[in-house]
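The values are calculated or read from the model by the stated rules, or taken from the named source; none is laboratory data. Since the model is a prediction, treat every value here as computed from it, not as a measurement. Virtual Cβ from ideal backbone geometry, glycine too; neighbours counted across all protein chains shown. Side chains are part of the model used for accessible areas, which takes the heavy atoms of the whole protein and leaves out ligands, DNA and RNA. Shrake-Rupley method; radii C 1.70, N 1.55, O 1.52, S 1.80 Å.
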Amino acid sequence: GALVLTETPAPVAPDAAAQAVRAALAADGLARFDPSGRAERLRRRVHLLHRVLGAPWPDLSDAGLPGLDALVDGLAADLAAGRPLARLDAEALLRGALPWPEAGRLDELAPERLPVPSGRAVVVDYPAVHEDTPPVVAAKLQEFFGARVTPAVADGREPVVLHLLSPAGRPLAVTADLPSFWAGPYAQVRAENRGRYPKHPWPEDPAAAEPTARTNRRAR
């Protein structure tokens, strides 16, 4: 029940700060240092490249993070200097820890957004570092008309799973093989939804149709 009368910042030794940061990363991952979630999104992109392409992309799993010296030293230096957790730029420190010149290809190999045939750029949902699953892109089914290949990342080595949505944004189908979907299940999806969404196009041959995010009337 004692009252604090005065508080004085005390200097922190760099080694002690680095040891504390490593312990926190091992226990909580990036969460404690990344309230905005931006560093976590970057971490997922890089870790997918580590899983698919291997070296020199670093292991950013919970077990690998404490061994990333550039990230640990940067966080430790900022905290030892008195910077509050909320003002840490973990994303910038993580970018600075990536290998060069490979880091210059990050946005090419693991982009934050992928263009779809309709012309829009759609956010890519990368899996958590402990999940061995492909990234996901969700967009309206009509926006993929005319596409004859499934989008992929990591130099084309990791196909993206497509969540094909109705005009109302509800899931209609999930596929990692768009040509097979057009040739098979699409016919049933078309039969079930063309009456429900008559203002939107449902061509018999989607692989040869014009992609669109608009209704028939707006397209005209």
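Here are the numbers:
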{"item": "Of all residues making up segment 173-207, the number that are farther than 14 Å from L141 by Cα and open to solvent by less than 70 Å² (accessible area, probe 1.4 Å)", "result": "3"}
{"item": "Identity of the residue in segment 37-67, among the small types (G, A, S) and touching a residue at least 40 places away in the same chain (Cβ under 8 Å), that ends up nearest to V137 (Cα to Cα)", "result": "A39"}
{"item": "Single residue of A18, A10, A24 found to be more than 30 Å from P135 (Cα to Cα) and open to solvent by less than 60 Å² (accessible area, probe 1.4 Å)", "result": "A18"}
